[in-house]
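The values are calculated or read from the model by the stated rules, or taken from the named source; none is laboratory data. Nothing here was measured: the structure is a model prediction, and the numbers come from that model. Cβ atoms come from the backbone with ideal geometry, glycine included; neighbour counts cover every protein chain shown. Surface areas here come from the heavy atoms of the whole protein model, side chains and all, with no ligands, DNA or RNA. Shrake-Rupley method; radii C 1.70, N 1.55, O 1.52, S 1.80 Å.
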There are 4 protein chains.
Amino acid sequence: MIRVAVMGAAGYLGGELLRLLIGHPGVEVVQAVSTRFPGRRVDSVHPNLRAQTDLVFSAADDLTGCDVLFLATPHRTTMTLLPKVRARAGTVIDLSGDFRLPDPAVYERYYGLPHTAPELLGAFVPGVPELFRDDLAKADLISVPGCMATAAILALRPLAGLVGPDVQIDARTGSSGSGALAGDGNLHAERSGAMRVFAPVRHRHEAEVSRLTGLNARMTATGVEAVRGVQVVCHATGTADERTIRRAYREHYADEPFVRIVAHRKGAHRLPDPKLLSGSNYCDVGFAVDGDRITAIAALDNLVKGGAGAAVQCLNIRTGQHETLGLGFPGLHPV
Amino acid sequence: MIRVAVMGAAGYLGGELLRLLIGHPGVEVVQAVSTRFPGRRVDSVHPNLRAQTDLVFSAADDLTGCDVLFLATPHRTTMTLLPKVRARAGTVIDLSGDFRLPDPAVYERYYGLPHTAPELLGAFVPGVPELFRDDLAKADLISVPGCMATAAILALRPLAGLVGPDVQIDARTGSSGSGALAGDGNLHAERSGAMRVFAPVRHRHEAEVSRLTGLNARMTATGVEAVRGVQVVCHATGTADERTIRRAYREHYADEPFVRIVAHRKGAHRLPDPKLLSGSNYCDVGFAVDGDRITAIAALDNLVKGGAGAAVQCLNIRTGQHETLGLGFPGLHPV
Amino acid sequence: MIRVAVMGAAGYLGGELLRLLIGHPGVEVVQAVSTRFPGRRVDSVHPNLRAQTDLVFSAADDLTGCDVLFLATPHRTTMTLLPKVRARAGTVIDLSGDFRLPDPAVYERYYGLPHTAPELLGAFVPGVPELFRDDLAKADLISVPGCMATAAILALRPLAGLVGPDVQIDARTGSSGSGALAGDGNLHAERSGAMRVFAPVRHRHEAEVSRLTGLNARMTATGVEAVRGVQVVCHATGTADERTIRRAYREHYADEPFVRIVAHRKGAHRLPDPKLLSGSNYCDVGFAVDGDRITAIAALDNLVKGGAGAAVQCLNIRTGQHETLGLGFPGLHPV
Amino acid sequence: MIRVAVMGAAGYLGGELLRLLIGHPGVEVVQAVSTRFPGRRVDSVHPNLRAQTDLVFSAADDLTGCDVLFLATPHRTTMTLLPKVRARAGTVIDLSGDFRLPDPAVYERYYGLPHTAPELLGAFVPGVPELFRDDLAKADLISVPGCMATAAILALRPLAGLVGPDVQIDARTGSSGSGALAGDGNLHAERSGAMRVFAPVRHRHEAEVSRLTGLNARMTATGVEAVRGVQVVCHATGTADERTIRRAYREHYADEPFVRIVAHRKGAHRLPDPKLLSGSNYCDVGFAVDGDRITAIAALDNLVKGGAGAAVQCLNIRTGQHETLGLGFPGLHPV
């Protein structure tokens, strides 16, 4: 059994990690660390884990050793935390934004403050199995990309060489992406039914997309009515016809266990929709062509394939287990 | 022009009062008081009032005199506030819970603390035009009932004499009823799609229903997915047949401008549904009979007929204006 | 491997059966029958099953033999269908309403037409493992109760002997309960955000509750904003105090794998809420006491514990497999 | 009083026209024509009009003369209907898609069939007061643009001369835009919570935007969870800085009664969101700049400013009444 611990375990990504890890047959969860709720039962904060676990949150100071340590801690906090906890685990998988961008100047441009551990930035392998499977198999430091970045990267990678460098990404997201701390902006009465353009230009995740696709990505982001779910609609230009593009997607993802191509001629579900993916580790990708315009679309559950699920998939790869272990839930319909 | 002021103007009921009063042809809003946002533009907090007003929030200490003062301040705060501001206005219309129950012992039983101004309790006329129109025409102190209480009172009053004393009320409400202050419970990701029984027994409003209907009311309350809207389903017993009951409703509400009887044989909209009433001052009431069981149903917008709209209706009655003035919006469909 | 077939496989209950059965390690799905879509891929109708199965819908005439046959066919259709297909399978598990009420007179009273196979009514064992586990282990004909009936039965059974005979049940349901066929009533623009009292009195499921609890149950039902999920709030009277009632629930459900007692003092999730249960086979039950009034509450996913999940639980019992096999998904939070 | 009639009065746009026209002080509704429901009360189909009107739907053959005739009839039907009813009214205001594109070849390219009344195409003035106020004052044939087209036109017009010709428009819409007829795609269980890219490329409204802005517009469209509401996010390129762009919007819309500029530095409501606009005739427009990228955003209620409200605004202009008459509802918050 792989011994794992989760820091930031009371947040939404932390809770999703616990759901997946508790249900994982090859893993033992030795600690769930929360600075807010040490001593409280995990299922008092994550009520879906009632009858699944008797685990109690630990204080951060009590962190013990483990094989794999997951960091679901906030941006900014994580880069000061990591050096302190690095020695506790063989492998650290970070879900925060702090180690996603290897260039500290780019980090500062997008996060608005200097990085405090720039020497570590280059050591992280991106938690994208579809791109870095071999590296992940031996990585000790893994950084899972942002949820919208993962969606856009998987939507766009098959188009490399087929489209021009400029791509405009329109991302939409549910409310769970803004976390479990209440604030004026995520009050139900304000957020319900909203179409809130919270990043009309320069969403942070565009830097990750540019880096991992080689494109020049621009991203806007809008909060829409949903709790879970991210969808990206990417606008690119190129001369390839639909058949060529379809073939590129098929070849690219032929052997991927968690990427499905969804690009049908008709039907309500002919293109990727995150509604179907709640709880699932799939990222559905699709496309459409109109002359020289190519629209690439991807959908995923921001807390699973966009976070905790990708992290568990990385753990499986790193520890030599079957890549899909513990990630079998296919999603619901209708829902 | 009637000169009015609103205290607690940054809350949801306060904002709804401002919407109605700014659009009211017989009223001038002289002040909108907020302890949280003095000096800020009203439309920065209530964005639906952009281009409707240039009003700026006043501090509580700057309250001036006016003809009618609306209190949309919190429970507990209001009973200490009222004696201080009483002299500023000819008429005070209170929307809080503090002056709804004339018996201080009942107040303490339901609110969990002693009343600090018990000598004023008996001076308030309930803000229910359907029951107290004549009293309201000369009242200087008016207390608008709770939103669920108003719905249940209007659903049940026509049944007086036709049903036994015990009535079980099942109330459902949108999230705006819990106010504009963010907390763990009204975070969008937690509240969205919920069916949250927040008062499985003894909801406070049952005391108001018992008082104003003469019945022995018990009320449970559940938060369901909606921002606005309250619905009550009331279970009573009696021997009257459907025809008798329909006649009772018709006679009771024949001349009421804001009560509609909705009790059809079929169709998706055959019984009251608050979805249709957002922004409207209607309370729709309906019923069904099965042997000795009578189900009475009512729906309203908790911020309008369940609060600000009822208050404006009272103002109209008190100041001798047409009762429906400023309250003409009929609601939308679909919505 | 147990060989199973599903009739009515294109509906929502049929799709949920397929999701659970395809993921079940002890079962092989040999046929998915649909009269509407014979020859079409299953995943073209149930998009969550993409990459889970290559199954194609069969025509009804092509039904082959199997060990267990699930009927997810409509009310009225099923009672004429059953005699024709009975011989095809060792065990038939029916999810329709047609074999839930053993007395044909009661059936006619609630369904409005005479039963066409009254001689079979007595042969069915109700698909409620919590009540009929031993009978189910050898039953050849099983009838799964209505979703709201199951919730109410599980909420009320521990109160037998502690409450008076009359119980008023207030049921709330998501839209998936009305099936996959489009109609004016379930159009999104009409149904979204609704609080639609579609059964103000005498919902059919009350007859099942009365039968299986020994109480005199009355049920109203309201459609609220949700796709999945049923909640019942049951009003009873009795003299037992809270401690006695809590003990009754604990004793009753101590060994049940799919019933959790959720009755905490505080917190947003202190009572059962179906929001947490989408995709899960749990039925959460809780209660509150106020003097002689007892409120019992239950929540479940109408397509899982209220239908397909209960049916698979029955299959596990009938075929001697572990009762929880294939039913491990715990539900999500937030969602 | 202006005498008006509505054809297609049982649909969602027809119902919204009736709501606005019945509440309009300068108008008398003489007929509401429906081919589906002749003889039925209008409020049996549009329940928000209960107690507002006793009008009964007329059959199409019974259409009488009137001053202004509104056509809220379906695409394709309307181009054959118009020649037959043209003589019944001094002015016809069409809300369908059939007379929006003056070039029959463009019509055929986007609608997939030849136009049957091409000789009339050039006679229509677009129902966009912000662009054609003077023409509308004397127009006898008026064609109201598509809801997403209106939003995009109002978002982009101030940028004329400041941005390059290519603009990518990402439109999101609620479910009411697909009309009142039930189908598989707009079933609540399927449509609820969806992010459905129903037009990944070449949405029809792009042709209207190109025509009325002089830009080369491409539009994708996604259905998101909402009943009412359209939002467009438009991506353009140019060298103007934010100050220049803000001044362009201000100058362009300084005197417009129904366009508000919403482009604040912070806050949940700093950019246009249709959630606030349900029932209102406002179109809110905003923008953001990042280097050479300019994002222009607009939001409106598709049934009001995107349809019936724009039509009433045109009626006011055409008949010499105050332009805002009957259109005063400002929208709700929260909602």
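Annotations
- Other copies of D:Arg247: label-to-label distances in nm, shortest first, labels 7 Å along the beta-carbon direction: 5.4, 7.6, 8.2
- Folded to 0 to 90 degrees: helix C:309-318 orientation relative to chain C principal axis, Cα: 80
- With all protein chains in place and a 1.4 Å probe, the accessible surface of the range A:2-123 carries 52 percent carbon and sulfur.
- Each DSSP beta bridge with both residues in the range B:147-300 is either parallel or antiparallel, and the antiparallel ones are about 70%.
- Helix D:242-253 axis, angle to chain D major axis (alpha carbon atoms, nearest 10°): 20
- Under a model in which nothing but the beta-carbon of Lys, Arg (+1) and Asp, Glu (-1) is charged, the range B:2-123 shows a dipole of about 220 debye around its Cα centre.
- From the alpha carbon centroid of the range D:262-291 to that of the range C:143-208 is 41 Å.
- Cut-off under 5 Å, modelled amide H: who pairs with D:Asp94 long-range: D:Leu71, D:Ile142, D:Ser143, D:Val144
- Cβ-derived FRET efficiency at R0 30 Å, D:Ala51 paired with D:Arg76, nearest 0.05: 0.25
- Linear extension gain, B:Glu119 paired with B:Lys84, 0.36 nm per residue minus alpha-carbon span: 11.2 nm
- Annotation for D:Thr237 and B:Ala60: the two label points, set 7 Å from Cα along the Cα-Cβ direction, are 5.6 nm apart.
- Shielding score for A:32-42, defined as the mean number of other chain Cβ atoms within 10 Å: 0
- For the range C:229-316, the carbon plus sulfur part of the accessible surface works out to 44%, probe radius 1.4 Å.
- Among the residues of A:259-271, the average count of other protein chain beta-carbon atoms within 10 Å of the residue beta-carbon is 4.
- For chain B, the residue among B:Leu69, B:Val209, B:Ala152 whose Cα projects farthest onto the positive side of the dipole built from Cβ charges is B:Ala152.
- Net charge dipole, the protein assembly as shown: roughly 0 debye, given to the nearest 20, about the Cα centre with Cβ charges of +1 for Lys and Arg and -1 for Asp and Glu.
- Legend: residues in the range D:187-227 shielded by at least 50 square angstrom of accessible surface upon adding the remaining protein chains to the isolated chain (1.4 Å probe, heavy atoms) are D:Leu187, D:His188, D:Ala189, D:Glu190, D:Met195, D:Val197, D:Pro200, D:Val201, D:Arg218, D:Glu225, D:Val227.
- Counted by Cβ distance under 13 Å from A:Pro104, the other residues give a net charge of -2, where Lys and Arg count +1 and Asp and Glu count -1.
- For the protein assembly as shown, Kirkwood radius (reciprocal of mean inverse C-alpha pair distance, Å): 32.4
- Each copy carries a label point for B:Ala137 at 7 Å from Cα toward Cβ; from one copy, the others' points are 4.9, 7.7, 9.0 nm away, ordered from shortest.
- DSSP-loop trypsin sites (Lys or Arg not before Pro) across the range C:237-335, with at most 12 other Cβ within 10 angstrom: C:Arg265, C:Lys266
- Within the range C:106-208, trypsin sites (Lys or Arg not before Pro) in DSSP loop having at most 16 other beta-carbon neighbours inside 10 Å: C:Lys138
- The residues of the range B:2-123 expose, per residue, 38 Å² of accessible area to a 1.4 Å probe.
- Value at 222 nm in deg cm²/dmol, rounded to 500, when DSSP H runs of n ≥ 4 in chain B each add -39,500 (n - 2.57): -7000 deg cm²/dmol
- Residues along the range C:293-335 losing 50 Å² or more of accessible surface when the other protein chains are present rather than the chain by itself (probe 1.4 Å): C:Arg293, C:Phe329, C:Pro330, C:Leu332, C:His333, C:Pro334
- Relative to the Cα centre, the charge distribution of the range A:147-300, modelled as +1 at Lys and Arg Cβ and -1 at Asp and Glu Cβ, gives a dipole magnitude of about 200 debye.
- Relative to its Kirkwood radius, the Cα radius of gyration of the range D:2-123 gives an Rg/Rh of 1.00.
- Charge dipole of chain A about the Cα centre (unit charges at C-beta), most positive-ward option of A:Val85, A:Met219, A:Gly112: A:Met219
- Summed over both chains, the accessible area lost when B and A associate is about 1400 Å², using a 1.4 Å probe.
- Pairwise Cα inverse-distance average, inverted: Kirkwood Rh of the range C:104-217 (Å): 16.2
- Mean partner shielding of peptide C:229-238, defined as the number of other chain Cβ atoms within 10 Å of each residue Cβ, is 3.
- Restricting the calculation to Cα atoms, the range B:220-335 shows an Rg/Rh of 0.99 when the hydrodynamic-style radius is the Kirkwood one.
- Shape of the range C:147-300, Cα gyration tensor, a/c cut at 1.5: prolate
- Between the helical axis of C:12-22 and the longest alpha-carbon principal axis of chain C there is an angle of about 70 degrees.
- Here r is the Cβ-Cβ distance between A:Ala160 and D:Leu181 and R0 is 30 Å; the resulting FRET efficiency, rounded to 0.05, is 0.10.
- Whole-Hz Karplus values for the range A:91-97 come out as 10, 10, 10, 9, 9, 7, x Hz, taken residue by residue from phi with 6.51 cos²θ - 1.76 cosθ + 1.60 and θ = phi - 60°; glycine and proline positions read x.
- For the range B:1-55, the set of trypsin sites (Lys or Arg not before Pro) satisfying both a DSSP loop assignment and a count of at most 14 other C-beta atoms within 10 Å is given as B:Arg36, B:Arg40.
- Largest to smallest principal axis extent of the C-alpha atoms in chain A, angstrom: 60, 44, 42
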